[in-house]
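Presented below is the structure to which this report refers.
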Amino acid sequence: ILAIAHNNLGNALRGLGRLDDARHHYAEALAAYREYDDRWAIAFLLEDLAALAASAAQPEQALGLLGAADRVRDVIDARRPDSQTDELDGWIAPSLVDLTDEQIAAARAAGRELTDVEALDRATSFCRATAGRGGTGPDGV
């Protein structure tokens, strides 16, 4: 339950533009989901991290994380609902304006090619990359 709380808090903070705070909470959720091998939750968190990467002007990172989430969803046979696809598109599309269709497809495909360990390591590195620089912690949670 604590992992879900961290994930949800990360979503709220991302929505408020507090990206470093969001990274911190996503990292906490990711560690727990990884420990319990909760692939369903991992798929959602990879999508949340893709939205965070897009918000942080890192479109290739966003697409790689989204591709990794696509693969996890395929493995566990959990189709992404249309409403969630629309929401993700709303977060990610604005960051893609400088990429060609080929670059977009290649970045997402590269994420789909990651193993579980590689995808989770990449997600962890992304969470930790700037967490702690100007924003982690003041929420007091």
Work out how much length Asp77 to Thr115 would gain on full extension: take 0.36 nm times their residue separation and subtract the Cα-Cα distance, in nm to one decimal.
12.0 nm
If packing is taken as the mean number of other Cβ atoms within 10 Å per residue, what is the order of 61-70, 111-120, highest first?
61-70, 111-120
Return P(r) of segment 1-51 (all Cα-Cα pairs; 10 Å bins starting at 0; whole %; ordered from short to long distances).
31, 58, 10
Whole-number percent relative contact order across the chain, with pairs defined as alpha carbons under 8 Å at least 6 apart:
31 percent
Can you compute the equivalent ellipsoid semi-axes for segment 10-80, i.e. the square root of 5 times each eigenvalue of the Cα gyration tensor, sorted largest first and rounded to whole Å?
20, 15, 9
What's the ranking of 71-83, 25-37 by average number of surrounding C-beta atoms within 10 Å, highest first?
25-37, 71-83
Computed about the Cα centre, the charge dipole of the chain from +1 Lys/Arg and -1 Asp/Glu charges at the Cβ has a magnitude in debye, to the nearest 20, of 320 debye
As a check on your grasp of the helix formula, calculate [θ] at 222 nm for the chain: sum -39500 (n - 2.57) over DSSP H runs of n ≥ 4, divide by the residue count, round to the nearest 500.
-24000 deg cm²/dmol
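Read the figures in this text as sums done on the coordinates, not as results from a lab. Please read all numbers here as calculations on a predicted model, not as lab measurements. All Cβ positions, even for glycine, are placed from backbone atoms using ideal geometry, and neighbour counts span all protein chains on display.
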